[in-house]
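All remarks here apply to the structure that follows.
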Amino acid sequence: MSERTEKRTQVADVDRSLYDFTYSEEGYERYDDGLTPDIVRAISEKKDEPEWMLAMRLAALDTYHAKEMAPNWGPSIAGLDMDHISTYVSPRTKQAKSWDDVPDDIKNTFERLGIPEAERESLAGVGAQYDSEIVYHNMREDVAKDGVVYTTIEDALHDPQWEPVVHEYFGTLIPPADHKFAALHYAVWSGGSFVYVPTGVKVEYPLQSYFRLNAEGAGQFEHTLIIVEEGADLHFIEGCSAPKYYEANLHAGAVELFVKDHARLRYSTIENWSKNMYNLNTKRARVGADAQMEWVSGSFGSHVSYLYPTTILQGDRSNCEFSGITFAGATQDLDTGCKVILNGADTTATVDTKSISKDGGCNTFRSSVIVGRRAANARCSVSCQSLMLDDISRSDTIPAMDVRNATASVGHEATIGRISDDTILYLMSRGCSEPEARTMVVGGFANPVSKELPLEYAVEMNNLIKLEMEGAIG
Amino acid sequence: MHDTLLRVSGINAGTEDKPILHDIDLAVGAGETHVLMGPNGAGKSTLGRVIMGDPAYQVNSGTIEFGGEDITDEAADKRSLAGIFLSYQAPVEVPGVPLYSYLRTITQKRPELKMTARKFRARVGEIADQLDMSGSFLTRELNVGFSGGEKKKIEMLQLLLLRPKLAILDETDSGLDVDALSVVSRGIEAYRADCGGALLVITHNTRILERLSVDRTHVMVQGRLVAEGPASLIDDIDAHGFEQFERANASGGDRA
Ligand SMILES: Nc1ncnc2c1ncn2[C@@H]1O[C@H](COP(=O)(O)OP(=O)(O)O)[C@@H](O)[C@H]1O
Ligand SMILES: [Mg+2]
């Protein structure tokens with residue numbers, strides 16, 4: 001197959017090799033499996049961190065060991081043996097500012113994923129993480145001139161101007177004691193992004209971080225910390241993928257988003273994990289007065305996912321819009337959803353999610369809406385549409401609401417649908433084969449979410465849907 | 001008579017528990033215009049769908065040949081690509097699928113319609129103009145939120161784009177206002193003129209037939225074709241209705 005047809009944005013030629021390729025980790029630095037204070041110290045020392053960070057890591061490790069392994073709800077994670085997960089794998093390369101300085105195998109990986117091309121065409125900045133470390137980071141000069149900072153947390157910690165900022169925010173929105181895997185995250189976090197958008201600055205093009213987990217039996221624990229100051233505006237895109245392995249891989253990232261008064265943040269995600277992945281990710285946003293938080297989320301792949309991005313509408317008149325889609329195929333048990341906490345008066349939230357279940361895949365949509373006492377006239381509507389492609393798949397909806405202000409209104413709507421025979425006949429009688437007809441209907445179902453994404457990511461999402469419909473993704 | 005394009009021979013068909021069509025014989029020559037009339041519930045739509053290959057109906061005996069090939073067991077997409085088109089009485093809505101990209105997809109399925117993206121755009125624009133459709137239709141989702149008349153126009157748009165050898169129009173004219181009716185008539189004329197394709201028009205309404213030169217008229221009653229004749233049969237039905245055929249059918253009478 002030629003280089004051209006391997007591009008991820010190429011839709012006509014759908015092929016699993018798009019995502020499913022690996023490079024040897026020979027010569028990489030890989031820490032022993034399992035979790036000990038020594039490993040945590042080694043990671044911290046390698047990063048030459050401030051004392052407070054090491055202390056935080058060690059405390060988190062204690063919390064991790066103190067907490068129960070599995071929650072008493074949700075999909076089983078019994079297949080995840082932490083004694084056989086390496087928490088730190090480094091490709092032994094320095095972070096580069098030019099793709100030419102990135103080692104060939106890693107550069108090829110990101111080229112096949114279309115990252116450098118997207119950077120040239122439509123992004124203001126890119127960060128690329130390979131296993132545990134960021135290998136490439138760059139931002140357009142005009143954006144930097146406006147005072148926008150886009151770097152790794154590690155680099156921010158080494159910068160006297162930004163170290164206090166990281167210290168002030170890091171781990172405050174998602175505390176290490178939040179749940180067992182949050183504690184794990186804080187003990188061994190590595191890589192990720194630090195973004196700071198100064199007051200009033202509107203970043204015209206999106207920034208994107210891409211996380212690629214290449215190593216077998218390893219974990220990825222990146223931390224994303226974004227601060228959008230008053231009246232500022234940012235679109236951040238997060239992409240993730242990993243090749244297929246037999247051993248379990250673990251993703252336990254944390255995303256902390258601070259959206260100040262009158263600011264706007266759009267956070268778009270396309271995750272495409274391989275089906276040996278346990279995706280136990282935590283994402284949370286705190287939103288100031290008159291500010292806006294928008295989530296667009298496409299979750300593909302993984303064996304098990306626990307994923308509920310949370311929005312805290314703290315300021316009055318703040319707003320959250322969440323649109324997400326998950327696709328569960330054979331062997332997948334995806335527990336996803338979203339949580340909205342409306343604390344400010346006149347806050348509004350719209351949650352619109354879709355799930356597709358196929359070949360025995362299992363989707364559970366969990367939503368939680370909490371309206372605080374102060375939240376007069378808060379409005380929240382949650383809608384969940386499920387599409388079942390056969391009788392052996394499962395789809396459940398579990399809404400929870402806790403409304404403590406009598407003037408608030410919260411609505412919930414859930415539908416489960418199937419593709420009608422008449423629709424398939426209609427499309428077939430115009431020349432589409434049956435699988436094409438099904439893919440077209442599923443693509444249409446996903447369209448309200450994919451059209452929220454920038455064009456090339458929408459194309460990628462359609463591509464992923466095609467792959468899933470063919471059952472081609474490992 | 002032209003070469004036979006469609007030959008339906010001895011078809012008995014129905015749903016799993018209900019026979020609907022009985023001993024259907026029907027032949028349509030290339031480029032001919034046939035009309036199928038009959039009271040409500042006679043089985044006209046079912047015949048259209050059986051010819052198209054709707055798996056909701058089982059063919060218990062008989063054969064369907066198209067262009068000399070036996071297509072009785074072919075799936076609907078194969079029949080479509082072979083040149084059969086069915087315009088539905090009630091076209092389904094397909095949410096989230098943009099009309100324009102859908103049209104591009106179904107056109108690209110046909111090697112004989114290979115054209116550049118630019119040429120395609122021009123062709124679609126031309127047909128849309130012919131059918132008095134505003135360009136904004138094309139950015140909307142397939143049949144979603146369109147009125148009955150607009151949906152029929154979208155069916156005509158596909159007909160003119162796909163240039164089938166045989167078009168079965170299932171009550172494409174019913175429920176249309178005068179303007180939409182004249183647009184649909186124009187579309188049918190354009191299909192006859194530009195594509196030279198054959199037509200099987202299922203209708204209650206003789207108006208749409210006024211501007212067509214009809215080769216044969218068939219009458220269906222209770223799942224049987226009970227009469228077949230020239231265009232003048234339509235005038236007869238117009239004047240006397242279906243009663244004569246219904247009576248004949250009930251008494252097991254011969255075909256007219
Ligand atoms: N899918 C179906 N399931 C059950 N009965 C059907 C089905 N399709 C058609 N019928 C029945 O077959 C008969 C013929 O219907 P139809 O072909 O729609 O008639 P027409 O188009 O002539 O009005 C009717 O009695 C109708 O109820
Ligand atoms: Mg009918």
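The values are calculated or read from the model by the stated rules, or taken from the named source; none is laboratory data. Quantities reported herein were computed from a predicted structural model and do not represent experimental measurements. Neighbour counts are summed over all protein chains in view; Cβ atoms, including those assigned to glycine, are modelled from backbone coordinates with ideal geometry.
Can you tell me which residue within the stretch B:15-39, out of those that are more than 14 Å from every other protein chain (Cβ to nearest Cβ), without any contact (Cβ under 8 Å) to a residue 60 or more places away in the chain and over 15 Å from the mean Cα position of the chain (by Cα), is farthest from ligand 2 (Cβ to nearest atom)? Of everything passing the filter in the stretch B:15-39, B:D17 is farthest from ligand 2 (Cβ to nearest atom). Looking at B:T46, B:T63, just one residue is within 16 Å of ligand 1 (Cβ to nearest atom) and closer than 30 Å to B:E246 by Cα, and that residue is B:T46. For A:R374, the conditions (1) more than 10 Å from chain B (Cβ to nearest Cβ); (2) more than 27 Å from the chain's Cα centre (by Cα); (3) surrounded by 22 or more Cβ atoms within 10 Å (Cβ to Cβ) all hold with the exception of (3). A:N249: surrounded by 24 or more Cβ atoms within 10 Å (Cβ to Cβ) and of a type in the set (S, T, N, Q), yes or no? When the stated conditions are applied, A:N249 passes them. Given the options A:R430, A:R438, name the one that is within 14 Å of another protein chain (Cβ to nearest Cβ), in contact with a Leu (Cβ under 9 Å, 6 or more places away or on another chain) and not in a helix (DSSP H, G or I). Of A:R430, A:R438, the one residue that is within 14 Å of another protein chain (Cβ to nearest Cβ), in contact with a Leu (Cβ under 9 Å, 6 or more places away or on another chain) and not in a helix (DSSP H, G or I) is A:R430.
Filtering B:R7, B:R104 for residues that are within 30 Å of A:P448 (Cβ to Cβ), away from ligand 1 (no atom under 16 Å from the Cβ), basic (K, R) and at pLDDT 95 or above leaves a single hit, B:R104. Restricting the stretch A:442-466 to residues that are among the polar types (S, T, N, Q) and either more than 13 Å from B:P98 (Cβ to Cβ) or more than 16 Å from the chain's Cα centre (by Cα) (or both) leaves a set whose member that is nearest to the other protein chains (Cβ to nearest Cβ) is A:N447.
Here the stretch B:82-109 is the region considered, the condition is being surrounded by 20 or more Cβ atoms within 10 Å (Cβ to Cβ), among the hydrophobic types (A, V, I, L, M, F, W, C) and in contact with a strand residue (DSSP E or B) (Cβ under 9 Å, 6 or more places away or on another chain), and the residue that is farthest from the other protein chains (Cβ to nearest Cβ) is B:L99.
Selection of strands (runs of 3 or more DSSP E) fully inside the stretch A:167-246 by the criterion of at least 2 residues being small (G, A, S) and buried (at least 19 other Cβ atoms within 10 Å of the Cβ) returns A:192-197, A:233-241.
Remark: pairs (first residue in the stretch B:183-212, among the basic types (K, R); second residue within 16 Å of ligand 2 (Cβ to nearest atom) and part of a loop (DSSP other than H, G, I, E, B); Cβ separation under 8 Å; 6+ apart in sequence or on different chains) = B:R207/B:D173. For B:M52, state whether it is within 17 Å of the chain's Cα centre (by Cα), hydrophobic (A, V, I, L, M, F, W, C), within 14 Å of another protein chain (Cβ to nearest Cβ) and within 15 Å of ligand 1 (Cβ to nearest atom). So B:M52 passes the test. For beta carbons closer than 9 Å, sequence separation of 6+ or different chains, a first residue in the stretch B:77-98 that is part of a loop (DSSP other than H, G, I, E, B) and a second that is away from ligand 2 (no atom under 16 Å from the Cβ) and among the aromatic types (F, W, Y), the qualifying pairs are B:G83/B:F66; B:P91/B:F146; B:E93/B:F146; B:V94/B:Y102; B:P95/A:F445; B:G96/A:F445. Here B:V35 fulfils each of the conditions (1) within 13 Å of ligand 1 (Cβ to nearest atom); (2) within 22 Å of B:I234 (Cβ to Cβ); (3) of a type in the set (A, V, I, L, M) apart from (1). Of note, B:V214 satisfies the criterion of being more than 27 Å from A:G431 (Cβ to Cβ), away from chain A (no Cβ under 14 Å) and more than 16 Å from ligand 2 (Cβ to nearest atom). When residues in the stretch B:40-81 are screened for being loosely packed, with under 15 Cβ neighbours inside 10 Å, within 16 Å of ligand 2 (Cβ to nearest atom) and of a type in the set (S, T, N, Q), 1 of them pass. Of the residues that sit in the stretch A:112-157 and are assigned to a loop (DSSP other than H, G, I, E, B) and among the polar types (S, T, N, Q), which one is farthest from A:P50 (Cα to Cα)? It comes out as A:S132. For the stretch A:403-427, the set of residues classified as among the hydrophobic types (A, V, I, L, M, F, W, C), in contact (Cβ under 8 Å) with a residue 24 or more places away in the chain and away from chain B (no Cβ under 14 Å) consists of A:V403, A:A408, A:V410, A:A414, A:I416, listed by residue number. Tell me, please, whether a residue that is more than 14 Å from chain A (Cβ to nearest Cβ), in a loop (DSSP other than H, G, I, E, B), within 30 Å of B:V178 (Cβ to Cβ) and away from ligand 1 (no atom under 16 Å from the Cβ) can be found in the stretch B:120-132. Yes, the stretch B:120-132 contains a residue that is more than 14 Å from chain A (Cβ to nearest Cβ), in a loop (DSSP other than H, G, I, E, B), within 30 Å of B:V178 (Cβ to Cβ) and away from ligand 1 (no atom under 16 Å from the Cβ).
Of the residues that make up the stretch B:158-172, is at least one within 16 Å of ligand 1 (Cβ to nearest atom) and more than 14 Å from chain A (Cβ to nearest Cβ)? Looking for residues that are within 16 Å of ligand 1 (Cβ to nearest atom) and more than 14 Å from chain A (Cβ to nearest Cβ), one finds at least one in the stretch B:158-172, hence yes.
Inspection of the stretch A:383-402 identifies at least one residue that is within 14 Å of another protein chain (Cβ to nearest Cβ), buried (at least 19 other Cβ atoms within 10 Å of the Cβ) and farther than 17 Å from A:C320 by Cβ.
In the stretch A:96-113, which residues are in contact (Cβ under 8 Å) with a residue 40 or more places away in the chain and buried (at least 19 other Cβ atoms within 10 Å of the Cβ)? Residues satisfying the conditions are A:I106, A:T109, A:F110, A:L113.
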